[in-house]
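The structure appears below as structure tokens.
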Amino acid sequence: MALHISGTRIRLFRDCARKWAFQYIPHGPDNTTVKLPSTASQQLGTDMHTVAELYLRDGVQGEGKLWEMFSSGIDQWPNTPYETEVPFEYPIAGGTMTGVIDVLDRENKLVGDHKTTKTFYWAKTKADLLSDPQAQTYAIAAAHLMGLGPDEPVNCQWTYYKTSKTQRKFYEAKSVKFKFDGATRQRAFKKLETSAKKMLALYDEKVHPLDCQPNWDHCGAYGGCAFQAECEKHGETTVSNLSKLDAVANDDPAPATHSGALNLYVDCEPLNGSYQTLLEFLAPEITQLCDSMDLDHWTLADYGKSPGLLCALLSERDDLSGEVVIRSNTPEAYAVLSFLRARATRVIQGVR
Ligand code: SF4
């Protein structure tokens with residue numbers, strides 16, 4: 001069977017080639033790939049796409065949570081009806097790039113995408129999206145579908161819908177708008193092509209996933225890789241285990257330097273290099289807490305709930321990394337220090 005390439009698969013391959021290979025190169029005694037089940041949040045996103053499609057294409061209004069979520073961003077789509085769920089394919093590196101565009105508006109030369117998210121903290125910026133393989137793939141496909149010349153830009157709109165209500169009991173949505181001009185599309189295609197070539201070569205040679213390049217910095221992302229046990233069985237130590245070992249062997253006072261490391265400086269500061277204060281580090285969660293409960297300050301939640309709520313929000317964050325300076329006698333340290341100590345790659349403890 002031929003391997004299909006897509007923007008999300010290229011993103012996965014770049015995150016960790018081995019993780020991609022487990023899911024797309026047949027292997028093992030049964031010569032099969034591993035199909036991971038959808039998570040609840042992925043399923044919610046899929047279901048909301050159906051509601052969005054019905055409205056944007058046919059004008060059908062829905063009801064219930066999915067409709068409320070989608071309709072919080074309805075004003076972002078003023079030009080109904082749109083073409084929706086538009087499939088595409090084009091050749092790349094001797095293979096085929098495939099995908100399905102959520103929203104296409106030929107008149108306005110626009111390609112649109114729906115994203116569901118727990119918090120806008122995870123919404124990608126314009127710069128992120130210009131280098132995102134999925135956005136690049138869609139912009140290139142939309143230019144083909146709309147017959148645009150190299151000098152005509154593709155307008156892009158990625159709309160993020162929050163999956164939980166604010167304290168005032170409404171959902172929220174926001175759009176990130178950006179353009180892909182012809183030169184940017186061309187550069188993007190070359191990069192996509194380089195990744196696609198590597199993927200096709202590994203696939204054609206039937207390379208076993210465990211012989212593909214691992215990325216130890218990615219093992220803990222998105223709640224933890226499903227293949228950690230496989231990698232560990234193979235005799236390799238994933239980063240989440242390294243972190244635990246580092247925490248146990250904490251007789252080394254030097255900060256960890258690998259990417260994805262979380263170094264805490266408790267009641268002290270690094271001798272050199274940049275760092276964030278704990279308040280800066282917690283800014284996304286503090287903003288979310290204040291927005292969702294309509295608070296002027298994060299410590300003002302009722303009945304002393306603030307520390308627990310802040311810590312719960314932090315525990316949802318996928319990427320805990322960086323250099324963080326913590327004053328242990330502050331309210332924010334009281335709320336999250338124990339949690340962060342358990343997650344840290346290394347804790348450098350000063351003396352008060
Ligand atoms: S455990 Fe880490 S190295 Fe192994 S496949 Fe997953 S992300 Fe890659």
Relative counts (whole %) of C-alpha pair distances in the range 4-204, using bins that are 10 Å wide: 8, 32, 34, 20, 5, 0
Positive minus negative residues near residue 332 (Lys, Arg vs Asp, Glu; Cβ under 13 Å): -1
Fewest-first ranking of 10, 326, using other Cβ atoms within 10 Å as the exposure measure: 326, 10
Of 84, 32, 299, the one that fluctuates the most in a GNM where the chain has Cα springs shorter than 10 Å: 32
Choice from 57, 168, 14 showing the highest fluctuation, given a GNM over the chain with Cα pairs closer than 10 Å: 168
Filtered GluC sites (Glu not before Pro), the range 82-175: DSSP coil and at most 15 other beta carbons within 10 Å: 107
Cα radius of gyration and Dmax for the range 2-117 (Å): 17.2, 53
Relative contact order (%) - criterion: Cα under 8 Å, at least six apart; region: the range 4-204: 22
Positive minus negative residues near residue 85 (Lys, Arg vs Asp, Glu; Cβ under 10 Å): -2
Prolate/oblate/rounded label for the chain (Cα gyration tensor, a/c 1.5): oblate
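Since every read-out is calculated from the coordinates, none of them should be taken as a lab result. It should be emphasised that the depicted structure is a prediction, and the values quoted were computed from it without experimental measurement. When we count neighbours, we look across all protein chains shown, and the Cβ atoms used for this are built from the backbone with ideal geometry, even at glycine.
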